[in-house]
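Take a look at the structure below.
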Amino acid sequence: MTSLFFDTSTSTLVLSIVKDNKLIDKLTLESAREHSIYAVEKLKEILENNNLTPNDIDKIFVVNGPGSFTGIRIAITIAKTYAYTLNKQITPVSSLKMKILEFNGYDNYISIMKDKRDKSFIGIYNNNYDTIFEGLISDEEIEERISNLSGNNKIIRYDSEDVDRKDLDVLSIVNYYDKIPTVNPHNVNPNYLKEVI
């Protein structure tokens, strides 16, 4: 099984190839608001560097947010076109959840991405990484939700504009999301978490 991981949700473009449970290549590029210029070129490059053709990819993992609206749309559009045209499997990946998958041994995991306003996107997950809550809420509500959790918690906070993807544990992400059912390419959309009322 050969898989492609694709992320353009931040200023760092990430493309990775995972084959038979091994990370065989990872390409990162700081291209800020220019992912549309480089994404297809870098996809072609990583495939050629590993002597692969588009048909050699069995499954595509694409980050669908939250994150930069334009950035997310670039990876999703390319991944959906790829999956639909070549009849490949595709799985959307939460940018909130993927940051916690490199950790283990905690009762709860909390991923917090600061929004430009006085709110943050938050993902709360149990010790099996199952979603307890995902949403856009105020900082006050975040502290209240965290205080209601029992046990040992791992909290990861980051700014939506400044997320370092160079050290992203792609293998952990692919291993986790490989257990999630694939979706129809037409059903993969940018994920903008709605405010919880």
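Observations
- Formal net charge of residues neighbouring ASN49 (Cβ-Cβ distance under 14 Å; K, R +1; D, E -1): -1
- Here is the size of the chain from its Cα atoms: Rg then Dmax, 16.5, 51 Å.
- Segment 1-76 and segment 98-143 have Cα centres separated by 24 Å.
- Segment ASP118-LYS179, length gained on full extension (0.36 nm per residue, minus Cα span): 18.4 nm
- Percent RCO, i.e. relative contact order, over the chain, from Cα pairs under 8 Å lying at least 6 residues apart: 24
- Among the trypsin sites (Lys or Arg not before Pro) within segment 14-54, not one is in coil by DSSP while having at most 11 neighbouring Cβ atoms inside 10 Å.
- The GNM of the chain, with springs linking C-alpha atoms under 10 angstrom apart, assigns the highest mean-square fluctuation among GLU140, GLU102, GLU45 to GLU140.
- Taking 28 Å as the limit for the C-alpha separation, the pairs LYS19/LYS154; LYS26/LYS80; LYS88/LYS119; LYS44/LYS119; LYS88/LYS114; LYS44/LYS88 exceed it in the case of LYS19/LYS154; LYS88/LYS119; LYS44/LYS119; LYS88/LYS114.
- Cα-based helix-to-principal-axis angle, 35-49 vs the chain, degrees rounded to 10: 60
- Estimated FRET transfer efficiency (ASP167, ILE146; beta-carbon r; R0 30 Å; 0.05): 0.75
- Estimated dipole of the chain in Debye, rounded to 20 [Cβ of Lys and Arg +1, of Asp and Glu -1, Cα centre]: 500
Any read-out appearing in this document is the output of simple, stated calculations on the displayed coordinates, not a laboratory observation. Quantities reported herein were computed from a predicted structural model and do not represent experimental measurements. Please note: Cβ atoms are built from the backbone with ideal geometry, for glycine as well, and neighbour counts cover all protein chains shown.
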